[in-house]
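Single-structure report; data block below.
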Amino acid sequence: MREGSTLLGIDPILNVPKELVQAVYTRAESGLRHLSQGTIDNSGLPELALKHLKSLSELTESFRDNPHAIRLWVKRKPLVVGANIAEIIREEWRTDYSDFGTIEGRLQTIQDKDGILQLQIYDALFRQTIQCYFPEEMLSQVFNSFRKRVEVSGEIHYRRNGTPISIHVERIEKLSDDDELPSLDDVQRIFRTEA
């Protein structure tokens, strides 16, 4: 270890199958390699991992005159997290187009940020939270939908890869909760009686 360096180590817990550990190592190595080459879609990394890698990469940007290297070591091999990674992710995450559409998910957060009403929906399809902006006249409907599954419609802002990042809500509709939907047994019973 050189002077001024900081090392953090992560070891798998006991009794984890070796195949699972190997899959994590492979995904980390492959993901960072693809990311460094600018192919985010091929990296297979979830949005949260990209967010953390972007933060690490931005630490190197602040030292352009005296760059500080950040390396992730996988199986004793260093993977460099350079300043280019933050730039690649920022470029990918820029809003590229908008279109009218619908997003479905669980309404998790309601807030008033500097007079702008916002809610957050967790979208299970994209496994991410989507920021939603809505008008004052929808406030009571939003409160009635808190912690419920909802469908919101409006102008959706997408990343270049088609991932939705925000929506200006024009309509919100409360959906049935999972426990209110027919079970698998109920559906099979329905088909048997109709057959």
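Quick notes on this structure:
- Those residues of the stretch 40-62 which are in a loop (DSSP other than H, G, I, E, B) and surrounded by 18 or more Cβ atoms within 10 Å (Cβ to Cβ), in sequence order: Leu45
- Selected residue (criterion: nearest to Leu8 (Cα to Cα)) from residues of the stretch 69-99 that are out of contact with any strand residue (DSSP E or B) (no Cβ under 9 Å at 6 or more places or on another chain) and touching a residue at least 40 places away in the same chain (Cβ under 8 Å): Val74
- When every residue of the stretch 178-193 is checked against the conditions, at least one turns out to be in contact with a strand residue (DSSP E or B) (Cβ under 8 Å, 6 or more places away or on another chain) and either in a loop (DSSP other than H, G, I, E, B) or farther than 25 Å from Leu50 by Cα (or both).
- Taking the stretch 1-57 as the range and being more than 21 Å from the chain's Cα centre (by Cα) and charged (D, E, K, R) as the test, the residues that pass are Arg2, Glu3, Asp11, Lys18, Glu19.
Residue by residue, here is whether (1) closer than 18 Å to Leu45 by Cα; (2) outside any strand (DSSP E or B); (3) outside the structural domain of Glu47 (by TED's automatic domain parsing); (4) among the aromatic types (Phe, Trp, Tyr) holds:
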position	(1), (2), (3), (4)
Ile89	yes, yes, no, no
Asp99	no, no, yes, no
Glu104	no, no, yes, no
Asp112	no, no, yes, no
Leu119	no, no, yes, no
Glu137	no, yes, yes, no
Gln141	no, yes, yes, no
Glu155	no, no, yes, no
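- Boolean, Lys75 is exposed (fewer than 12 other Cβ atoms within 10 Å of the Cβ) and of a type in the set (Lys, Arg): yes
- Residues in the stretch 9-38 that are exposed (fewer than 11 other Cβ atoms within 10 Å of the Cβ) and part of a loop (DSSP other than H, G, I, E, B): Gly9, Ile10, Asp11, Ile13, Leu14, Asn15, Pro17.
- Asp11 fulfils the conditions (1) among the charged types (D, E, K, R); (2) touching a Leu at 6+ places or on another chain (Cβ under 8 Å); (3) farther than 30 Å from Gly162 by Cα except for a single criterion, (2).
- Among the conditions (1) over 30 Å from Leu7 (Cα atoms); (2) more than 21 Å from the chain's Cα centre (by Cα), the only one that Lys75 does not satisfy is (1).
- Residue list for the stretch 147-163, restricted to those being at pLDDT below 90 and touching a helix residue (DSSP H, G or I) at 6+ places or on another chain (Cβ under 9 Å): Arg159, Arg160, Asn161, Thr163
- Test: residue in the stretch 168-178 that is surrounded by 10 or more Cβ atoms within 10 Å (Cβ to Cβ), under 30 Å from Gly44 (Cβ atoms) and under 20 Å from the mean Cα position of the chain (by Cα): no
- A Cβ distance below 8 Å, combined with a sequence gap of six or more or placement on separate chains, defines the contacts here; from the stretch 123-148, residues that are over 12 Å from Ile110 (Cα atoms) reach residues that are outside any strand (DSSP E or B) and among the hydroxyl-bearing types (Ser, Thr, Tyr) in the pairs Phe126/Thr163; Gln128/Thr163.
- Number of the exception - Arg189 against (1) surrounded by 12 or more Cβ atoms within 10 Å (Cβ to Cβ); (2) modelled with pLDDT of 85 or more; (3) farther than 30 Å from Ile89 by Cβ; (4) not β-branched (Val, Ile, Thr): (2)
The values are calculated or read from the model by the stated rules, or taken from the named source; none is laboratory data. Keep in mind that what you see is a predicted model, and the values were worked out from it rather than measured. Virtual Cβ from ideal backbone geometry, glycine too; neighbours counted across all protein chains shown.
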